[in-house]
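First the structure, in the form of C-alpha cells, and then the observations on it.
The values are calculated or read from the model by the stated rules, or taken from the named source; none is laboratory data. Computed from a predicted structure; not experimentally measured. Here the Cβ is made from the backbone with ideal geometry for all residues, glycine too, and neighbour counts use every protein chain on show. Heads up: the accessible areas ignore ligands, DNA and RNA and are worked out on the full protein's heavy atoms, side chains in. Shrake-Rupley method; radii C 1.70, N 1.55, O 1.52, S 1.80 Å.
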Amino acid sequence: MLKTINVLLSTRASLSTVPRLAASTARKPIITCKRTEHNLFVEDGQLAGGGKKFGDVPLASDGWRHRKSVGDYFIIHPIQQPFETHALSDVSFQNLGIRAELVENLRERGALYPTMYQADGIPAVLNGGHALLAAETGCGKTYTYLVPIIEQILRRKLDGGEREFNTPLVLVLTPGRELAQQIGRVVEGLTRGLNIKSRVLLGGRTRQQMTNPHFEDIDILVSSFGAISKLISSGIYRTDAVRWVVLDEADTLLDDSFNAKLLHLMKRFPFHKNHLQDIGDNIQGTQLILAAATMPSNMDELLGRIVNVETIEEVVSPNLHRLLSHVTQRFMRIKKSNRPQVLLDLVKKDVKRNRPLIIFSNKTPACDFVSIHLNEAGIPCVNLNGDMLLKIRLGQFEKFQLGEVNVLSTTDVASRGLDTTRAGHVINFDFPLYAADYIHRIGRIGRVGSRNDCLVTNIVSNQAEIGAVQRVEYSARTNNPLANVDANVKGIIRRRIQRTLDQSV
C-alpha cells in the first residue's frame, strides 16, 4: 500500500476539521424534505455514522421510483462554513522553504498563506520522492505541486548547465485542453520575473506542429495528453532532461481512456525513489507527482505499472470523497417533460441575482439543447463539450471565466480541475450516474476564493439516476464519504458488459 499522510489530522489540525455532526443544543438542520418525517437535525446525531449500512437508513428518495414521487424534494444543508473547510495554515510559505521572489508572486495572486493541505503537501514534493496529492476539489492542489517544483528549478538553475531546444525540465500532463490552458496561466503568474520559460501545448493542431515545429528554450511544458504523446514520439520534444512529471487529474489519465498510451509514454522516464540521485552514467531519475480529487480503488494496481508504489508518499485529505460540507445541495424530483421550464426558471433567478452558474449534462445532445433553449429565451449561454471542433471549442470557457457570459452549458469535459471560482451555482440538468462525476461537478463551486452563497441544484427525472441520488443522500445522512468512487467510467461500463455476457453464457 502507499505510504500515507492524513494531512488535516496533523498536529496543526485536529479531528474537528473533518465534517461531523456533533451534538448541539441548537436544532440545526442536516437534511430537510417535502415529507417532514424524513428531516434530520444535528440533535438527531445518532443517525450520523453509527455503522449503519446502505438500506438501513430511511431516505427521502426511497420512493422516488414511483410516479407519485414527482414534486418531492430534499435539501442537504451545510454543516461547516467556507473558512472552516479551506482553513489557512499558521506556517508561511517562507517557513516551507520557498524563496522570497516566488513568495512575492504568490502574494500578487492573493495567496498570502498556504492552506492546511498545501502546508503538508509542499514539503512532500520538496523532499524529492514520488507524491500522490489526493484531496477534495478546490483546495489548491495546483499550487501544492507547482510551487515546490518551481523552487527546485530555481535551485538547479544556480548550478547552470545548458540544455538543447525543446528539452523541458518539467512535464505537466492533463486530460483536457481547458485545464492545460489554465495551468499554463498559473505557471506564467508564478514564474514572472524568475527567468523560467514555459509553454502550453493543446491537441487538435498536432499535425501542424509536427510539420512546422517550434523550437525554443523551455523549462516547464504543460500539455493535454494527446498532443504531447505524439510530439514526443516524433522527436520534436525530448525527454532527456525531464526531472518532474506531473499527472494532473491523475485518476482520469489512468482510466481506460488513456491508460495504454500513458503507460507507453511513462516508460521513457527513469522514475526512481530519489529523483536527485544518479541512477546511471549521466542519467538522473524523474520525480512523479500525481494530483487527484478522486481515487479509484485499484490505484495501487494502476501506479504499479509505472513505479514501485512503496516509494510514493500519499498526502491525503480526510475530506476526500466527501460531499461539500459548506455548500447547500438540493434534489428535485420532476417529470422529464418539465425539465426545460424548471431549468429556465432556475436560471432566470440567477440572472436577476447576477450569480454565474454552470449547467451539466451527461451527453452532448442535452448540452447543446440547454444552450439553444436558454439563448432562445434571451439568456446568453456559452456551450462547451468534447465533441466540438477545436476552432469552436477554444475560447468558450474563457468567455465564462472573463464574465462575457454568466451561464455555461457543458458536459463533464468542464468538471475536471478547472478553476471556476466565479461560479456560484451548479445545476445538474442530468444527474451523473457515477459518484466520481458528482464529486467533480459540485467541486466547481465552494472553492478557495469562491463566493459564500454557493448552491447545487440536482434535477432528477430519470429512473436510472435515482440509485445514484440515494447513495448521495445516504452519505449525507451517515456523514460518511461517498462509496464506490471510481473515475474510470469506461472501465466500469466494460466490466458491467463483461458480467452481463458471462451471465448469459
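Data overview
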item	result
In sequence order, calculated HN-Hα J values of region 292-301 (Karplus, 6.51, -1.76, 1.60; Hz; x Gly/Pro)	8, 9, 9, 10, x, 5, 9, 4, 4, 5
Listed residue pairs exceeding 32 Å between alpha carbons, taken from K28/K348; K261/K363; K261/K335; K68/K348; K53/K261; K141/K230	K261/K335; K53/K261
Under 5 Å, built H, 5+ apart or other chain: amide partners of Q287	W244, V245
Cα-based Rg / Dmax (Å) for region 107-184	14.1, 39
Cα gyration tensor, region 318-450 - rounded (a/c under 1.5), prolate or oblate	rounded
FRET efficiency, 1/(1 + (r/R0)^6) with R0 41 Å, evaluated for K197 and T328 via beta carbons	0.40
Cα pair distances exceeding 18 angstrom across region 408-468, given as percent	32 percent
Region 285-354 - Rg (one decimal) and Dmax (whole number), Cα, Å	21.0, 58
Where R67, R199 fall by accessible area, highest first, once all protein chains stay in place (1.4 Å)	R67, R199
Solvent-accessible area per residue, Å², over region 373-477 with all protein chains present [probe radius 1.4 Å]	31 Å²
Evaluated over region 358-406, the Cα radius of gyration and Dmax, each in Å	10.5, 27
Length-normalised contact order of region 64-123 in % [C-alpha pairs under 8 Å, at least 6 apart]	37 percent
Loop chymotrypsin sites (Phe, Trp or Tyr not before Pro), region 214-264 (other Cβ atoms within 10 Å of the site Cβ: 16 or fewer; DSSP)	F215
Kirkwood hydrodynamic radius of region 82-139, from inverse mean 1/r over distinct Cα pairs, in Å	12.2 Å
Gyration tensor (alpha-carbon) shape descriptor, region 103-248, a/c threshold 1.5	prolate
Equivalent ellipsoid dimensions for region 53-153 as semi-axes, Å, which come from the Cα gyration tensor, largest first	42, 16, 12
